[in-house]
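Here is the structure we will look at, set down as structure tokens.
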Amino acid sequence: MVYVNEKSIKYLPPQSTEWSEINREIPAEASEKEKEKINAQNESDRMRLNDMLLTSLQMQNLMVLSGSGTSCGSKIKGPSMKDLWNSIRTLNVSKSKYLKRTEIAKKINYRGKNIEEFLSQCEAFLQIRHDEEVLAFYNKSKETILKNCSFELSERNLEAHKTFLYKLSRRRARDSRLKIFTTNYDLCFETAASYQGLIAIDGFSFTQPRKYDPRYFNYDIVWRPHTSEESVNYLEGVFHLYKLHGSVNWANINSKNAIIIKEKPGPSEACLIYPAEGKYQQSYNQPYLEIMAQYLSLLREPNTCLLVIGFGFNDKHLAEPIVSAVSTNPHLRLIVVDFCAYKNIEEVRSQSYWHKLRNLAHNGFDIWFINSSFDDFVNLIPDLRALTPAEQLVKNIRSLIGGNYEY
């Protein structure tokens with residue numbers, strides 16, 4: 001296999017074994033002819049990727065599955081799983097008592113370094129034995145996770161999210177609304193949308209207090225001119241946002257049997273699915289049940305593009321439906337974007353979901369892998385209104401006959 005830089009932006013089309021790069025470095029000792037050849041290859045590969053994205057992102061249905069990789073960029077310092085693991089090294093569980101993670105791990109007989117496995121083993125241990133220290137450490141760990149995921153956001157450090165939403169919100173009004181599913185607890189997408197006047201339909205009411213009701217996912221927003229009562233137009237800049245594992249501003253008000261939007265809810269009322277193997281079962285309880293139903297249903301829709309970005313395929317309840325949908329929905333295109341995509345594909349473990357998807361792609365299924373960070377990828381997204389379908393047809397015809405197309 002030809003060597004490529006693991007950190008460069010590149011992509012792997014279906015049925016291909018060779019990665020295409022769009023930013024190959026030019027050796028200092030290269031001749032002018034060699035430089036021209038490398039530049040031409042870069043431009044050719046860039047145009048192919050651009051054309052694929054332009055076609056894909058204008059499909060009738062566009063889904064995005066966003067993972068932690070969209071909140072761990074160069075400007076946003078959201079916590080990774082490793083950061084969360086390190087954050088519970090030593091916890092103050094009471095006014096005068098500190099507990100070390102190593103002590104709790106020894107009690108529950110855990111030897112790994114994975115926060116999901118650790119919390120899962122704490123849960124299993126507490127189900128068969130009551131232990132005040134394990135319980136206190138477990139509850140304090142959840143409080144620490146909530147605190148670390150409630151980081152400050154500003155317009156400046158949300159530039160990538162703003163660009164991402166702006167470009168994808170320029171889809172044709174006649175197409176279905178952009179639907180973003182995210183496993184992140186943070187408020188990046190909501191805050192970025194507010195800075196641009198975009199509207200996120202998130203399953204909560206439009207009055208205060210904002211109360212969760214899945215019926216709101218079926219609502220839409222239209223613009224009705226004053227001059228006519230019959231003529232209405234879909235408002236631009238509206239998208240659906242589904243928080244698969246909850247949010248740092250969701251509060252469970254047990255006394256009212258309701259989930260509301262609340263600024264900085266306490267650990268006891270926060271509505272989150274914490275990192276643990278039990279999140280599979282929790283995903284099928286409210287308020288997550290309706291969100292999962294939407295996720296599973298949309299994967300079966302015809303003429304659908306699923307853009308998976310910054311998601312490591314570690315959540316089985318989300319990864320398994322993707323593999324199934326790719327295998328059974330002939331009208332689904334899957335685009336996987338990750339800054340470790342090249343490494344995950346080339347050094348893939350035999351039973352991982354990366355391995356399964358790679359094999360499906362090699363067998364001709366419509367799966368594209370793009371090795372890129374979230375910040376870099378947003379700059380690759382083409383202007384979805386750059387060309388109308390008629391203009392695109394003219395461009396394609398002229399390219400076939402060797403003509404030039406002027407924008």
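The values are calculated or read from the model by the stated rules, or taken from the named source; none is laboratory data. These numbers come from a predicted model, not from an experiment. FYI the Cβ positions are ideal-geometry reconstructions off the backbone, even for glycines, and counts take in every protein chain you see. In case anyone asks, the SASA skips ligands and DNA or RNA and just uses the protein heavy atoms, side chains included. Shrake-Rupley method; radii C 1.70, N 1.55, O 1.52, S 1.80 Å.
Counted as qualifying within segment 330-407 are the helices (runs of 4 or more DSSP H) with 2 or more residues that are modelled with pLDDT of 70 or more and either in contact with a strand residue (DSSP E or B) (Cβ under 8 Å, 6 or more places away or on another chain) or of a type outside the set (A, V, I, L, M) (or both), namely 341-346, 353-362, 374-380. Would you check if residue 84 is more than 30 Å from residue 137 (Cα to Cα), in contact with a helix residue (DSSP H, G or I) (Cβ under 9 Å, 6 or more places away or on another chain), buried (at least 20 other Cβ atoms within 10 Å of the Cβ) and not basic (Lys, Arg)? For residue 84, the condition - more than 30 Å from residue 137 (Cα to Cα), in contact with a helix residue (DSSP H, G or I) (Cβ under 9 Å, 6 or more places away or on another chain), buried (at least 20 other Cβ atoms within 10 Å of the Cβ) and not basic (Lys, Arg) - is not met. Scanning segment 18-44 for residues that are touching a Leu at 6+ places or on another chain (Cβ under 9 Å) and either open to solvent by 60 Å² or more (accessible area, probe 1.4 Å) or of a type in the set (Val, Ile, Thr) (or both) returns 18, 22. Would you be able to say whether some residue in segment 167-179 is surrounded by fewer than 22 Cβ atoms within 10 Å (Cβ to Cβ), under 27 Å from residue 270 (Cβ atoms) and within 15 Å of the chain's Cα centre (by Cα)? Yes, there is a match, as at least one residue in segment 167-179 is surrounded by fewer than 22 Cβ atoms within 10 Å (Cβ to Cβ), under 27 Å from residue 270 (Cβ atoms) and within 15 Å of the chain's Cα centre (by Cα). Which of the residues belonging to segment 266-292 are open to solvent by less than 50 Å² (accessible area, probe 1.4 Å) and small (Gly, Ala, Ser)? Correct list: 266, 270, 276, 278, 283.
Against the condition open to solvent by less than 80 Å² (accessible area, probe 1.4 Å), within 23 Å of the chain's Cα centre (by Cα), more than 30 Å from residue 314 (Cα to Cα) and not polar (S, T, N, Q), how does residue 187 come out, does it pass? No, not satisfied. The numbered conditions (1) of a type outside the set (Phe, Trp, Tyr); (2) out of contact with any helix residue (DSSP H, G or I) (no Cβ under 9 Å at 6 or more places or on another chain); (3) in contact (Cβ under 8 Å) with a residue 24 or more places away in the chain; (4) surrounded by fewer than 19 Cβ atoms within 10 Å (Cβ to Cβ) are all true for residue 148 except (2). When residue 52 is tested against (1) open to solvent by 50 Å² or more (accessible area, probe 1.4 Å); (2) within 20 Å of the chain's Cα centre (by Cα); (3) under 25 Å from residue 9 (Cα atoms); (4) at pLDDT 90 or above, just one condition goes unmet, and that condition is (1).
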